[in-house]
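Working notes for the structure below.
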Amino acid sequence: MSDKIYNVLFLCTGNSARSIIAEAILNRLGQGRFKAYSAGSQPKGEVHPYTLQLLKGMNYDTSFARSKNWDEFAVAGAPQLDFVFTVCDNAAAEACPVWPGQPMTAHWGVPDPAAAEGTDSEKHFAFAEAYRMLNHRISIFVSLPMASLDKLSLQKRLQEIGTTTDAANPEVA
């Protein structure tokens with residue numbers, strides 16, 4: 001088994017909810033095989049309070065959480081990225097920086113919980129739903145046999161993961 005630690009960047013526009021949630025999930029589920037980061041093309045400058053509340057309620061350490069620009073990962077000395085996943089449609093359509101090392105990329109779009117309207121309960125549900133979707137996709141991702149998949153097969157699997165919607169989808173799991 002390889003000792004390689006895969007660096008993964010989750011991108012979103014504001015880097016205040018989905019990408020932060022994904023970073024937390026992968027750093028927990030990756031069990032040292034993956035190191036997750038998150039960033040935004042137009043970071044809000046702060047993490048959404050419902051994001052922090054959700055993660056803390058699930059016993060995540062949130063000390064890592066800060067809203068930052070994706071430019072931090074395109075400069076000398078930044079971690080060499082193996083994977084870059086966009087988790088919002090806006091970031092997927094934007095021109096991304098050139099990532100050193102040409103990481104594999106895929107779009108794993110998730111509805112923006114920060115844009116949810118309605119009661120506090122409905123807004124909290126939107127964050128919980130984003131967490132559920134990301135947790136499912138990341139669970140599939142960490143179970144992939146990285147060492148035995150060729151680049152083309154791995155890219156196909158990464159794209160398929162982005163289309164999963166629930167835990168009952170046997171085609172990707």
Quiz prompt | Heavy-atom accessible area per residue - the chain, 1.4 Å, Å² | solution = 51
Practice problem: For VAL84, enumerate residues with amide H under 5 Å from its amide H, sequence gap 5+ or separate chain, H modeled in the peptide plane. | Solution: LEU9, MET104, THR105, ALA106
Practice problem: Give me the percent of the accessible area of the chain that comes from carbon and sulfur atoms, probe 1.4 Å, all protein chains in place. | Solution: 52
Practice problem: Could you size up the charge dipole of the chain around its Cα centre, putting +1 on the beta carbon of Lys and Arg and -1 on that of Asp and Glu, and report it in debye to the nearest 20? | Solution: 440
Practice problem: Report the accessible area of TRP70, computed with a 1.4 Å probe over the heavy atoms of all protein chains in place, in Å² rounded to the nearest 10. | Solution: 20
Practice problem: Just reorder PHE64, PHE73 by solvent-accessible area, largest first, 1.4 Å probe, all chains present. | Solution: PHE64, PHE73
Quiz item: Along the Cα-to-Cβ line of MET104, 7 Å from the Cα, sits a label point; which residues in segment 61-81 have backbone N less than 15 Å from it?
Solution: 81
Practice problem: Past 21 Å, Cα to Cα, is the threshold; run LYS4/LYS151; LYS56/LYS123; LYS68/LYS123; LYS4/LYS35; LYS35/LYS68 against it and keep the listed order. | Solution: LYS68/LYS123
Quiz prompt | Rounded to the nearest 10 Å², the accessible area of SER153 at probe 1.4 Å | solution = 40
Quiz item: Considering amide H positions built from the backbone, and no H for Pro or chain starts, which residues 5 or more places from SER38, or on another chain, come under 5 Å of its amide H?
Solution: PHE10
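The values are calculated or read from the model by the stated rules, or taken from the named source; none is laboratory data. Please read all numbers here as calculations on a predicted model, not as lab measurements. Because the Cβ atoms are built from the backbone with ideal geometry, glycine has one as well, and the counts that use them run over all protein chains shown. Remember, those area values only see protein heavy atoms, side chains included, never the ligands or the DNA or RNA. Shrake-Rupley method; radii C 1.70, N 1.55, O 1.52, S 1.80 Å.
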